[in-house]
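The values are calculated or read from the model by the stated rules, or taken from the named source; none is laboratory data. All values reported here derive from a predicted model rather than from experimental measurement. Using ideal geometry, Cβ is built from the backbone for each residue, glycine included, and neighbour counts are taken over all protein chains shown. Only protein heavy atoms, including side chains, enter the accessible area calculation; ligands, DNA and RNA are left aside. Shrake-Rupley method; radii C 1.70, N 1.55, O 1.52, S 1.80 Å.
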Amino acid sequence: MTTLADRLPEAVRHAPHKIFPRHASFLLGEIALLSFAVLVLTGLYLTWFYDASGEVVTYDGPYEPLQGVEATRAYVSVMSITFERPFGAVVRQTHHWAAVVFVAAIVLHAMRVFFTGAFRRPRRLNWTLGVVLMGLAMANGFFGLALPNDLLGGTGTRIGHAFAVSIPVVGPGVADLLFAGEFANPDALHRFWLLHVIVLPLLIGATLAAHLGLVWMRTHTQFTDEATAQSRVEGSSGWPDYALKTTGLALLVFSVLVAMGATLQIAPIWLYGPFDPAAATVPAQPDWYLGWVEGALRVLPNASVIVGGYEIPSPFFTGVLLPLAVFVVLLAWPFAEARLTGDRGDHHAAERPRDRPVRTALGVAGLAWLTVLLMAGSHDLQAFLLRVPIGEVTTTYRVLLVVVPLVAGSVAWSACRALTRGEERAEQNRASDEELTR
Amino acid sequence: MDRAARVKRPPPGLVTAVGVGVALIGAAVVVGIVSGESRLAAAVAAFGGVVIGVGVVSWGRTSHHEHDHEPRETKGPRFGRRTTLAAAATATVAVGVAVVPAISRLGEATRRLRSTAWSAGTPVVDAAGERVRLASIDVGDLVNVYPRGWVGDADSQAIVIRTDPARLAPSVDGPLAAEFGVVAYSKLCTHMACPLGLYEQQSGTLLCPCHQALFDVLANGEVLRGPADRPLPRLPLDVEADGLLVARGDFTDAVGTGFWGRP
């Protein structure tokens, strides 16, 4: 007799027996996935009540300090979600926190994959998809920040518009398409809404499905020797071990994000006020995952270039070319490394960072550089708190951008060498001890 | 051995955890809807979720088996030259399709970026839409102004500053500068087009709140400190017989951030 179970696809019938990773660092990708689920669920609630309209109306809701203030319908609808809808404030803050955690988990997950060499054949395609996902997540964050049409979000849109018009040849046309004409045209909100709620989530969903499908087919890497890893997958079985742990993790991620949304204030648009083309918030910092671009804008030397009588303005280099270069390096890394090392074979063993000192040092140096840029994104606040002239803070950051990556990379390289040498010495001692006892 | 049989019986602690968690969530949701204390309710519900989550994770950990394994098979498409070329071709076509409409708008978009609503004879009004009278601007004042009919317009917004004419650099021209010490600039920073907010009257400088560029309003809006690299465009002003301000034309340069095709 054929039961229902027999008719299920092979992959599903195999799932309880499939081997899943056990090492805790493999949960980072799952945290990203679960945060995305929270984003979709809370996003459905938010988009139900959100009004992507730039029409200007007078706010007359329950938040007294803004009563009588003129604002777009978009802003007023987000105010209404926050102050009038059941659980609205919690859902909105949970959504924002989930976005912050989503990108953070993606970045940490990418770091795990990078430093253990898990991007090598046969997982290069999946690394590529992962980098694309990271870019899509950051882009969707940018449009999401713009949607409430508050003063901070509007300032972010202003920066995005300046990037777009700076692109050589097609810039003004691209900006016109994306921002519905010149900056501060409120019709742009509708386009941002389409991108944030439909286009980018669909792209993220499709890429994510391919990413997970490939993980399933290619299997995960493991901390064993390469020979063992080539012959068998080690970890824990789908049922019950992995299923229970992952269900628990899902509950924890959902609960922690809701707890953050309920208790930690984020994006208080009622304090920022509605967008006004004649004003900007002070200080103005974007969410952390866009902060490094903000830092580049502040401290990198302005470098407008005249090409054939046309000007390429400096925001193109700091705001467009630099992020693009970072993503190109990430995308190209597995292929460049395979070419440079001549190692084109399949690998299933996760490497220890210390066993690849050059890769580890370069990775640490790159991360250090991005961290310095991220910190430079709030250099006005630091100048204010330290009572140092802003020009000196800028100069300091220019020096740090060169020095910190060099130091961090060298320290990482030396640490790798010291760790492996220590192990070699211990191995020699053990060998000589054995010889002596024999 | 049947894997289902390997699940250990849930420990009594887990049963308690799930019970407590579910009760907390249920109570919190009901109380939250009834009382409107939604943040507190959500925090309590989340705590309930954490209790259940910790219970389930620890159950999973107690029932796991050290070093389970299966033979390795890697399936799925390989990332060869063909996949790379196909992906590159798809990306190129996608970018191409997106760029076509952008190019078709290029001329119109560039024209709009180059000009604002100011032209010769446009009356100068303040944020309330009232015409600005020269005599009503005192030395040390800064007035936010717009072309009449365009109050609130993002790229036409300008600032009129009045200072002691002796403080202005000799190169500052215009009929109102030498006699009255009145100069006008675009309000948009030439770095990223943020509105310049902080005017320090004593030093005659304007600071951009976004990336801290500093401009000298006494010397044709020259950049005193980066990251901007272009002086503020000036708005040429004149005064009519009745003492009201008018523009003598559009700004001396395209306002705001740099763009491809800026004259």
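Specify the residue that is least open to solvent (accessible area, probe 1.4 Å); the eligible residues are those in segment A:16-51 that are farther than 26 Å from A:ALA110 by Cβ and at pLDDT below 95. Within segment A:16-51, the match that is least open to solvent (accessible area, probe 1.4 Å) is A:PRO16.
From the list B:LEU206, B:LEU237, B:LEU232, pick out the single residue that is out of contact with any Phe, Trp or Tyr (no Cβ under 8 Å at 6 or more places or on another chain) and more than 21 Å from A:LEU300 (Cβ to Cβ).
Numbers: B:LEU206 fails: out of contact with any Phe, Trp or Tyr (no Cβ under 8 Å at 6 or more places or on another chain); B:LEU232 fails: out of contact with any Phe, Trp or Tyr (no Cβ under 8 Å at 6 or more places or on another chain).
Matching residue, one of B:LEU206, B:LEU237, B:LEU232: B:LEU237.
For segment B:68-81, the condition holds for no residue, the condition being that it is open to solvent by 60 Å² or more (accessible area, probe 1.4 Å), assigned to a loop (DSSP other than H, G, I, E, B) and either touching a residue at least 24 places away in the same chain (Cβ under 8 Å) or more than 9 Å from chain A (Cβ to nearest Cβ) (or both).
Taking the numbered list (1) farther than 30 Å from B:LEU24 by Cβ; (2) open to solvent by 30 Å² or more (accessible area, probe 1.4 Å); (3) part of a loop (DSSP other than H, G, I, E, B) in turn, A:LEU340 passes all entries but (3). Quick one: which of A:LEU406, A:LEU436, A:LEU400, A:LEU419 is under 17 Å from A:ARG356 (Cβ atoms) and not β-branched (Val, Ile, Thr)? Answer to the selection: A:LEU419. A count restricted to segment A:16-56 and to residues that are out of contact with any helix residue (DSSP H, G or I) (no Cβ under 6 Å at 6 or more places or on another chain) and not in a helix (DSSP H, G or I) stands at 5. There is at least one residue in segment B:208-220 that is open to solvent by 10 Å² or more (accessible area, probe 1.4 Å), among the hydrophobic types (A, V, I, L, M, F, W, C) and part of a strand (DSSP E or B). Kindly indicate whether A:TRP292 is in the same structural domain as A:HIS220 (by TED's automatic domain parsing) and more than 20 Å from A:THR394 (Cβ to Cβ). Against the criterion (in the same structural domain as A:HIS220 (by TED's automatic domain parsing) and more than 20 Å from A:THR394 (Cβ to Cβ)), A:TRP292 does not qualify. The set of residues in segment A:201-254 being assigned to a helix (DSSP H, G or I), facing another protein chain (nearest Cβ under 7 Å) and hydrophobic (A, V, I, L, M, F, W, C) consists of A:LEU214, A:MET217, A:TRP239, A:LEU244, A:LEU249, A:LEU251, A:LEU252, A:PHE254.
Residues are listed down the side, and each one gets a yes or a no for (1) open to solvent by 90 Å² or more (accessible area, probe 1.4 Å); (2) assigned by TED's automatic domain parsing to the domain that holds A:PHE26; (3) in contact (Cβ under 8 Å) with a residue 24 or more places away in the chain:
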| position | (1), (2), (3) |
| --- | --- |
| A:GLY366 | no, no, yes |
| A:ARG398 | yes, no, yes |
| A:GLU423 | no, no, no |
| A:GLU427 | yes, no, no |
| A:SER432 | no, no, no |
| A:LEU436 | yes, no, no |
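Are any residues in segment B:224-256 within 14 Å of chain A (Cβ to nearest Cβ) and either in a loop (DSSP other than H, G, I, E, B) or closer than 24 Å to A:ALA184 by Cβ (or both), and if so, which ones? Steps first, answer last, please.
Going residue by residue through segment B:224-256, those that are within 14 Å of chain A (Cβ to nearest Cβ) are B:224-231, B:253-256.
Within segment B:224-256, B:GLY226, B:PRO227, B:ALA228, B:ASP229, B:ARG230, B:PRO231, B:ASP253, B:ALA254, B:VAL255, B:GLY256 meet the criteria.
For segment A:52-62, a tally of residues being at pLDDT 95 or above and among the hydroxyl-bearing types (Ser, Thr, Tyr) returns 2. Being in the same structural domain as A:ASN140 (by TED's automatic domain parsing) and over 19 Å from A:LEU195 (Cβ atoms) is not true of A:ALA52.
Residues of segment A:283-312 being aromatic (Phe, Trp, Tyr) and not in a strand (DSSP E or B), which ones? Lay out the reasoning, then the answer.
Our first condition is that a residue be aromatic (Phe, Trp, Tyr); within segment A:283-312, this holds for A:288-289, A:292, A:310.
Matches in segment A:283-312: A:TRP288, A:TYR289, A:TRP292.
Restricted to segment A:136-200, the set of helices (runs of 4 or more DSSP H) holding at least 2 residues that are open to solvent by less than 20 Å² (accessible area, probe 1.4 Å), touching a residue at least 60 places away in the same chain (Cβ under 8 Å) and more than 9 Å from chain B (Cβ to nearest Cβ) comprises A:151-166, A:188-194.
Residue-by-condition table, conditions (1) assigned by TED's automatic domain parsing to the domain that holds A:ILE159; (2) at pLDDT below 95:
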{"site": "A:PHE317", "(1), (2)": "yes, yes"}
{"site": "A:VAL320", "(1), (2)": "yes, yes"}
{"site": "A:VAL326", "(1), (2)": "yes, no"}
{"site": "A:ARG344", "(1), (2)": "yes, yes"}
{"site": "A:ARG359", "(1), (2)": "no, no"}
{"site": "A:LEU362", "(1), (2)": "no, no"}
{"site": "A:GLN382", "(1), (2)": "no, yes"}
{"site": "A:ARG387", "(1), (2)": "no, yes"}
